[in-house]
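Notes follow the structure.
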Amino acid sequence: MGKKSFVGLLFLLCPIFLHAQALQPVTPKLATITAGGYFSYGQTDYGQRHAFGPGAYADFNYRIWRNIGVGIEGEMRFLNFLTNSSSGAGIEEQNFLGGPRATYQIGRRWFPYGKFLFGGSRFHYPNFISNQIFTYTTFAGGGGLDYQLTDRITVRPVDFEYQHWDFPPTGLTPWVYSAGVSYRLF
């Protein structure tokens with residue numbers, strides 16, 4: 001009875017002393033959540049003016065097969081118009097969009113993606129027209145490229161969106177270019 005107990009105890013403890021446990025997962029994670037910020041520049045389609053400003057985004061990605069992933073992206077962007085006159089003072093544009101996205105992994109670090117977002121955008125008219133803010137339904141299609149710098153940090157060198165606003169009378173169709181950095185939370 002003593003020999004069996006000793007052999008059983010040795011059998012249980014031997015892997016601990018030999019460091020036989022897996023230190024890292026054998027397969028990479030299937031799901032990730034990232035959050036980050038970016039800086040945007042775009043053509044607003046309102047008097048052919050350009051705007052710039054900061055924004056934030058979050059992604060949920062799930063790898064469904066080898067290099068292909070699907071997920072959801074949410075973003076908010078705050079743009080101020082570039083104007084040379086006081087007549088354009090006070091013009092601002094804000095986007096609050098979310099929707100599906102698809103990614104394709106190239107190598108270990110490159111992740112091109114496409115997305116289709118929808119939500120609302122707010123427009124603050126020039127001070128000489130109105131001092132009110134109006135909200136419009138917005139749809140956006142676009143894509144970009146993420147580069148995984150480290151296990152936790154991802155650089156987004158390019159993100160492009162073409163938007164359509166339900167702006168009277170015929171709508172607005174601005175485009176926006178963004179670049180930023182994100183951190184993997186999960």
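The values are calculated or read from the model by the stated rules, or taken from the named source; none is laboratory data. Here the structure is a predicted model, which is why all the values come from computation and not from measurement. Note: ideal-geometry Cβ built from the backbone for every residue, glycine included; neighbour counts use all protein chains shown.
Looking at ILE16, ILE64 in this structure, which one is at pLDDT 80 or above, outside any loop (DSSP other than H, G, I, E, B) and among the β-branched types (Val, Ile, Thr)?
It is ILE64.
Which numbered condition in (1) in contact with a Gly (Cβ under 9 Å, 6 or more places away or on another chain); (2) modelled with pLDDT under 95; (3) among the hydroxyl-bearing types (Ser, Thr, Tyr) is the only one that THR103 fails?
Looking at each condition in turn, THR103 falls short on (2).
Which of the residues that make up the stretch 118-138 are closer than 13 Å to PHE167 by Cα, loosely packed, with under 15 Cβ neighbours inside 10 Å and modelled with pLDDT under 90?
Correct list: ILE133, PHE134.
Could you tell me which residue of the stretch 139-180 is nearest to PRO54 (Cα to Cα), considering only residues that are in contact (Cβ under 8 Å) with a residue 60 or more places away in the chain and surrounded by fewer than 16 Cβ atoms within 10 Å (Cβ to Cβ)?
ALA179
Looking at the stretch 125-138, which of its residues are in contact with a Ser or Thr (Cβ under 9 Å, 6 or more places away or on another chain) and either in contact (Cβ under 8 Å) with a residue 60 or more places away in the chain or over 24 Å from ALA58 (Cα atoms) (or both)?
Scanning the stretch 125-138 gives PRO126, ASN127, PHE128.
Would you point out the residue of the stretch 52-71, among those that are of a type in the set (Gly, Ala, Ser) and touching a Ser or Thr at 6+ places or on another chain (Cβ under 8 Å), that is farthest from PHE96 (Cα to Cα)?
Result: GLY69.
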